[in-house]
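The next block holds one structure in the form of structure tokens; read it before the comments.
The values are calculated or read from the model by the stated rules, or taken from the named source; none is laboratory data. Predicted model only: the values in this text are computed from it and were never measured. Glycine also receives a Cβ, built like all others from the backbone with ideal geometry; neighbour counts cover every protein chain displayed.
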Amino acid sequence: KLPAYHHRIAAAVHSVGKVPLGIKRKGLRIVVTGGAGFVGSHLVDRLIARGDSVIVVDNFFTGRKENVMHHFGNPRFELIRHDVVEPLLLEVDQIYHLACPASPVHYKFNPTNVVGTLNMLGLAKRVGARFLLTSTSEVYGDPLQHPQKETYWGNVNPIGVRSCYDEGKRTAETLTMDYHRGAGVEVRIARIFNTYGPRMCLDDGRVVSNFVAQALRKEPLTVYGDGKQTRSFQYVSDLVEGLIRLMGGEHVGPFNLGNPGEFTMLELAKVVQETIDPDARIEYRPNTEDDPHKRKPDIGRAKELLGWEPKVDLHKGLPLMVSDFRLRIFGDHKEGAT
Ligand code: NAD
Ligand code: UDP
Ligand code: UDP
């Protein structure tokens, strides 16, 4: 048990938000909204391993307890079932705001991006926490600039089927900057490009999870449209490293966090065939409305100011995801059970 003065020092350190020289810092208190989801749970693993105390706030809309269950019983870990659309009172140092229905089948008609972000900014303002928004490459819409730099304002249809997500995130960025300028909240903005890895939702309709699950189940790979549209796929550990550097650094951003390796959907299908089943068939389906034709990050800013760049390419990362999917599809572990 620590002597009483240790607690007093910890409280004093927390109240000024800075560590006086010579005092060993206790871990930070960090909220991760959406922490039971795919990206969030990997972030939580890193923060817990680093010695921080983590509170996950999640309504399990697409997240799963299984993703964070290995931390149950750790006194530095807490899990709160809560919808961020409702106000929330906590005392913390940092807020990683990831909560969001993030895939096309889930994100329609949901006010999380706007109301949830507003609440978390209100929380950050009240307690003086640093706030990080996980925005998206979708803010560039169907881009007329390639690759996309952070200075590009985007080409987004405000009334289209995807607009709830991309305009929602654009509004979230606006709110974030308004709280920064107007209320002095310390903020960080990441624009995340397509990310894949273990713990991705199995049936959320995203292309990498679809292709991998289809190849494993011996179903045809569904290529939408002519398959010539491009995306850049980032492995989740690279993203988590980028988010932590961004939160810890001095720059507001926005920062593109993505892997510049660009693939057509047909090329992606080929990598999946090589990795799982060379005989997997391809089946063409009509493409969805307003599908961006191409997307590739310019990561010059993150390289220069955060000293960050991705390390895991698709050929290295995909097999790591396949092992996890194999276990979840064929193992004892049933998808969706909580
Ligand atoms: P995910 O669906 O696995 O995680 C989102 C989490 O948020 C889930 O656990 C879900 O239950 C939770 N959530 C949703 N609505 C909520 C609400 N109202 N209240 C509380 N919790 C709620 O998705 P992910 O891929 O891990 O995405 C995490 C973040 O990264 C999202 O903000 C997403 O927009 C952003 N992002 C992801 C990608 C990607 O390719 N994975 C790309 C760009 C941006
Ligand atoms: N909020 C929250 N937790 C807090 C502080 C605020 O959820 O600890 C919510 C609050 O309910 C409001 C939003 O954040 O809906 C914005 O708060 P802010 O104080 O900026 O705005 P105000 O309440 O003054 O309109
Ligand atoms: N896509 C596809 N087959 C699928 C799912 C998606 O060809 O089974 C295509 C989709 O049309 C889009 C690309 O893959 O052009 C990426 O889609 P995803 O939903 O994964 O990401 P986003 O469009 O949000 O970048």
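Some observations on this one:
- When the residues of region 68-88 are filtered to those that are in a loop (DSSP other than H, G, I, E, B) and of a type in the set (Val, Ile, Thr), the one that is farthest from ligand 2 (Cβ to nearest atom) is Val68.
- For region 186-228, the set of residues classified as under 30 Å from Ala302 (Cβ atoms), more than 9 Å from ligand 1 (Cβ to nearest atom) and among the β-branched types (Val, Ile, Thr) consists of Val187, Ile189, Val207, Val212, listed by residue number.
- Residue ID - nearest to Leu243 (Cα to Cα), chosen from residues in region 174-223 that are among the hydroxyl-bearing types (Ser, Thr, Tyr), under 24 Å from the mean Cα position of the chain (by Cα) and away from ligand 2 (no atom under 16 Å from the Cβ): Thr195
- Screening region 69-94 for residues that are of a type in the set (A, V, I, L, M, F, W, C) and over 16 Å from Arg29 (Cα atoms) and picking the one that is surrounded by the most Cβ atoms within 10 Å (Cβ to Cβ) gives Val84.
- In region 115-161, the residues that are of a type in the set (A, V, I, L, M) and within 11 Å of ligand 1 (Cβ to nearest atom): Val115, Met120, Leu132, Leu133, Val139
- Among residues that are touching a Ser or Thr at 6+ places or on another chain (Cβ under 7 Å) and at pLDDT below 85, His97 is not included.
- Close pairs (7 angstrom Cβ cut-off, 6 or more residues apart or separate chains): part of a helix (DSSP H, G or I) and of a type in the set (A, V, I, L, M, F, W, C) in region 89-112, modelled with pLDDT of 60 or more and more than 16 Å from ligand 2 (Cβ to nearest atom) anywhere: Val105/Asp204; Val105/Gly205
- Residue in region 37-52 that is assigned to a loop (DSSP other than H, G, I, E, B), of a type outside the set (Gly, Ala, Ser) and at pLDDT 95 or above present: yes
- Inclusion of Thr151 among residues that are away from ligand 3 (no atom under 16 Å from the Cβ), under 19 Å from His97 (Cβ atoms) and more than 18 Å from the chain's Cα centre (by Cα) is not warranted.
- Checking Arg130 against (1) surrounded by fewer than 22 Cβ atoms within 10 Å (Cβ to Cβ); (2) within 26 Å of Ser232 (Cα to Cα), the condition it does not meet: (2)
- Residues in region 154-180 that are within 22 Å of Leu132 (Cβ to Cβ) and in a loop (DSSP other than H, G, I, E, B): Gly154 only.
- Residue match in region 207-219 (condition: buried (at least 19 other Cβ atoms within 10 Å of the Cβ), at pLDDT 95 or above and more than 16 Å from ligand 3 (Cβ to nearest atom)): no
- Subset of region 181-204 that is more than 21 Å from Asn259 (Cβ to Cβ) and not in a helix (DSSP H, G or I) - its residue that is modelled with the lowest pLDDT: Asp203
- In region 168-226, the residues that are closer than 28 Å to Arg326 by Cβ and of a type in the set (Gly, Ala, Ser): Gly197, Gly205, Ser209, Ala213, Ala215
- Test: Val57 is touching a residue at least 24 places away in the same chain (Cβ under 8 Å), within 11 Å of ligand 2 (Cβ to nearest atom), farther than 23 Å from Phe233 by Cα and surrounded by 19 or more Cβ atoms within 10 Å (Cβ to Cβ): yes
- Look at (1) touching a Gly at 6+ places or on another chain (Cβ under 7 Å); (2) over 20 Å from Arg301 (Cβ atoms) and you find that Leu175 fails only one, number (1).
- Check on Tyr235, surrounded by 18 or more Cβ atoms within 10 Å (Cβ to Cβ) and modelled with pLDDT of 95 or more: yes
- Any chance Glu250 is under 17 Å from Leu305 (Cβ atoms), surrounded by fewer than 19 Cβ atoms within 10 Å (Cβ to Cβ) and either in contact with a Leu (Cβ under 9 Å, 6 or more places away or on another chain) or at pLDDT below 95 (or both): yes
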